[in-house]
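Written below as structure tokens is the structure these notes are about.
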Amino acid sequence: MQEILKKKKRPDWKSIVGWILFITLVLSIIYSIVQIVISPSEDIAGREHEKLKSDYVLMLIQCVLGLIVMFIPSIIEKKRSIDIPNYMEVLYFIFLYCAIYLGEVRNFYYLIAHWDIILHAFSGAMLGALGFTLVSILNDSEKVKFQLSPFFVSLFAFCFALAAGAVWEVYEFSIDGIFALNMQKFALEDGTLLVGRDALVDTMQDIIVDAISALAVVIAGYLTIRKDKNKKKEI
């Protein structure tokens, strides 16, 4: 009876964090729409670093896409009958909150030094862990008959994280080109365009950070899987 009561008292962090993210994104969408209407299209003399319509268009796009992609895990679970661990979904929601609300809406990308690097380190590690989770689900599935060695599980997890990071950079490049935005930070906050290698720093830095954080998780995962496999052999 006591065990049942303890289970009931445990907070559902997935739902709590999910609702916080959902409400935050909806309010941010409303805010960005209002600002698109009332904000100037071009810089006004005497007002430095004032956000323009284009800045709020970027904010709106990010918030709408964030609202859509936050439901991807639940859609996958329903369509594919795959049980994604709750902790992975909580980390996913936290990442979206930090990247979209804190980063774009609250302007943390400019207010806090290396905020973008912190997020990419977090996402690289999260995607590496997700890669391990996906392989574990497939290995444990009765429908899929294959078993990967610890090395190939780790290789898949690493490649999965890098591929997801590359897709994100393609997305940023595409949105910048279509809407004349600055997601890849090829221009400073005051609009000054970066040239040559300086214009590539943000993109390459993001990919390198993704790779390093994913590699750290992959190495830890590889050692853990190998250790568990050796224990099973001894038994």
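Read the figures in this text as sums done on the coordinates, not as results from a lab. Since the structure is predicted, the reported quantities are computational estimates derived from the model, not experimental observations. So basically every Cβ, Gly included, is an ideal-geometry build from the backbone, and we count neighbours across all protein chains shown.
Assorted remarks:
- Packing order of peptides 52-58, 171-177, highest average first: 52-58, 171-177 (average count of other Cβ atoms within 10 Å over each peptide's residues).
- Cβ-derived FRET efficiency at R0 25 Å, I212 paired with Q147, nearest 0.05: 0.30
- Shape category assigned to region 78-235 from the gyration tensor of Cα positions, a/c cut at 1.5: prolate
- Charge sum, other residues only, whose C-beta stays under 11 Å from I36's C-beta, Lys/Arg counted +1 and Asp/Glu -1: +1
- Rounded to the nearest 20, the Cβ-based charge dipole of the chain about its Cα centre (Lys and Arg +1, Asp and Glu -1) stands at 1660 debye.
- A187 long-range amide H proximity, modeled H, under 5 Å: L194
- Positive-pole candidate from T192, F156, A166, dipole of region 113-235, charges at beta carbon: F156
- Helix 13-38 vs. the chain, principal-axis angle (Cα, 0 to 90°, nearest 10): 20
- Taking the average, over residues, of other Cβ atoms within 10 Å as the packing measure, peptides 68-76, 100-108, 219-227 rank 100-108, 219-227, 68-76 from highest down.
- Stretching S74 away from K229 to a fully extended chain increases their span by 52.7 nm, per 0.36 nm per residue minus the current alpha-carbon distance.
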